[in-house]
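A quick write-up on the structure given underneath.
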Amino acid sequence: MFNLSTQDVVLSIENAPLVNLDGKYFQEYKNFFGNNFILPDISKSKFVKLETQEHLPRQVLDPDDAIMRQLKIFFMHTKITKALGKKFGLDLKFDSIDVWQDLSGYYLEPHTDHESIKVAVQIYLCDHNQGTSLYDSSGHEIHSFPFKFNFGYALLNNQASYHGVNKTVKDGRISLYARYS
């Protein structure tokens, strides 16, 4: 399945600087899983509607899929959780993970995550699509993460962490989203 390396991910977290952009605390990752990461073929995997976003053109990889089970075990690893906690100065606990597939026309207005989430990690699993953007309190885009395979970010969830997605212009925007409380 995956060729995941806890060591590569921990090094990505440890080596990426923590940025404060107007109260938005984040890390930006390049080659998050390391240089040798290969994504397994998910083209035949079952995707279902995301419970809180049924009205949007977004699907989530079935939680019972073997890939999802492996990702959950991987992201709850103590070394990863502790590395994120140390970087953000928090005591974190793994909460959940999704693999999203956004279809043409997907858009998510600027928002903050549910208050139970302290840090979210989003890693892009394909190339050439619309990355997540950070916004100021007036809704103006101030930073956008490049949507490239194995790139992504970790974002502290606070009152300033407005983020969203501009309109996706093509099908297949695939990413994983891990939440820590």
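The values are calculated or read from the model by the stated rules, or taken from the named source; none is laboratory data. In this text, all values refer to a predicted model and were calculated from it rather than measured experimentally. So basically every Cβ, Gly included, is an ideal-geometry build from the backbone, and we count neighbours across all protein chains shown. Areas reflect the complete protein model, heavy atoms only, side chains present, ligands, DNA and RNA absent. Shrake-Rupley method; radii C 1.70, N 1.55, O 1.52, S 1.80 Å.
Computed quantities for the displayed model
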quantity: Computed lengthening from ILE42 to LYS82, 0.36 nm per intervening residue step minus Cα-Cα distance; calculated: 11.5 nm
quantity: Taking N as its residue count, the alpha carbon Rg of the chain over 2.2 N^0.38 Å; calculated: 0.96
quantity: Heavy-atom accessible surface of segment 1-135: percent carbon and sulfur, 1.4 Å; calculated: 50
quantity: Sparse-neighbourhood loop sites, GluC sites (Glu not before Pro) in segment 50-147 - DSSP loop, at most 14 other Cβ within 10 angstrom; calculated: GLU54, GLU115
quantity: For segment 128-181 versus segment 61-84, the gap between their alpha-carbon centres in whole angstrom; calculated: 20
quantity: Surface accessible to a 1.4 Å probe, HIS77 within the full protein complex, Å²; calculated: 70
quantity: Length added when fully stretched, SER137-HIS114, from 0.36 nm per residue minus Cα-Cα; calculated: 6.6 nm
quantity: Accessible surface of ASP136 - all protein chains present, 1.4 Å probe, nearest 10 Å²; calculated: 40
